[in-house]
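The values are calculated or read from the model by the stated rules, or taken from the named source; none is laboratory data. Everything quoted here is computed from the prediction, not taken from an experiment. Don't worry about glycine lacking a Cβ; one is built from the backbone with ideal geometry, like all the others, and counts go over all protein chains shown. Areas reflect the complete protein model, heavy atoms only, side chains present, ligands, DNA and RNA absent. Shrake-Rupley method; radii C 1.70, N 1.55, O 1.52, S 1.80 Å.
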Amino acid sequence: MNPGKIALTILIVLLASCAPTRPQFTEVSVPPVREQHQGFSLMPLDESGWLMLANRPEGIVLGKQTGTDENHIIRAFTQVIPPFKSQDEFIGYAKTALSMEDPTRHKLLSHSDKAIKFKGQPCVRTYDMMEDHKAVKRSDRPDYMILEASSLVCEHPQKGVAVIVAYSYRYYPGHDDKGLATKAQKIFDSIEFTAF
């Protein structure tokens, strides 16, 4: 799935959450079951309220509404990647694989990235916090929102494919989730690489 298709999927999900009559999404079971997809599997968080917003062979999008406009999103998918000549090239790709930064909409507050080994594979762990001045909302509140996102981008053991997993939370200032890093790590730790 290319970045344009990913952005379109996210836009559809956000617009659907604002529609007067929302489509019927499947609720994720509690306790959850392992999600199996092309090239990877993972465990959703063991919390009630998660909905399956998209479920395709190459990945999933899960969402959880926590306020009128506030939501948590888990995205996990595979993407074909070119061969990289160096670790720096892979890091550069990983930093932009889930980029949502738009200078007319977002004000970046914090960014970090770190190259790591995860289950024997080269990966990049990223974290972003930004102000979102044009968030799609269900309410008519005019104030901006904060978007925090942690992601893990790994080269799959079968070269030429990346596994990309992200956990994000969009909220109003003062409503941050102190457990965000712990929840993201729990999702990342559950990832298993599988054959295609």
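Could you state the principal axis extents of the C-alpha atoms in the chain, from the largest down, to the nearest angstrom?
Here the Cα extents, ordered largest to smallest, are 48, 36, 30 Å.
Using the structure shown, select from Lys95/Lys134; Lys114/Lys137; Lys64/Lys85; Lys119/Lys178 the pairs with a Cα to Cα distance greater than 29 angstrom.
Flagged as over cut-off: Lys114/Lys137; Lys64/Lys85.
Could you tell me which of Leu152, Met129, Leu109 has its Cα farthest along the dipole of the stretch 85-196 towards the positive end, charges placed at Cβ (Lys, Arg +1; Asp, Glu -1), taken about the Cα centre?
Leu152
With a cut-off of 8 Å between alpha carbons and a minimum separation of six or more residues, what is the relative contact order of the chain in percent?
22 percent
Can you tell which of Leu51, Tyr167, Phe188 lies farthest toward the positive end of the dipole of the stretch 34-194, using +1 and -1 charges on the Cβ of basic and acidic side chains (Lys, Arg; Asp, Glu)?
Comparing the listed Cα positions along the dipole, Phe188 ranks first.
How far is helix 3-18 tilted, in degrees, relative to the longest principal axis of the Cα atoms in the chain, given as a value from 0 to 90 rounded to the nearest 10?
30 degrees
Please compute the per residue accessible area over the stretch 152-194 with all protein chains in place, 1.4 Å probe, rounded to a whole number of Å².
Per-residue accessible area for the stretch 152-194 comes out at 39 Å².
Step through the residues of the stretch 181-194 one at a time and calculate ³J(HN,Hα) from phi using the Karplus curve (6.51 cos²θ - 1.76 cosθ + 1.60, θ = phi - 60°), rounding each to whole Hz and writing x for Gly and Pro.
Karplus-based 3J(HN,Hα) across the stretch 181-194 equals 5, 5, 5, 4, 5, 4, 5, 4, 4, 7, 5, 10, 7, 10 Hz.
Filter the GluC sites (Glu not before Pro) in the stretch 18-77 to those in DSSP coil with at most 14 other Cβ atoms within 10 Å of their Cβ, and list the result.
Glu47
Measure nothing fancy, just the Cα-based angle from helix 87-96's long axis to the longest principal axis of the chain, in degrees from 0 to 90, nearest 10.
Between the helix axis and the principal axis of the chain, the angle is about 20 degrees.
Longest exposed-loop-site-free stretch of the chain, with trypsin sites (Lys or Arg not before Pro), DSSP loop and at most 10 other Cβ within 10 Å?
86-158
At 1.4 Å probe size, with the rest of the protein present, what percent of the exposed accessible area of the stretch 34-194 is carbon and sulfur atoms?
51 percent
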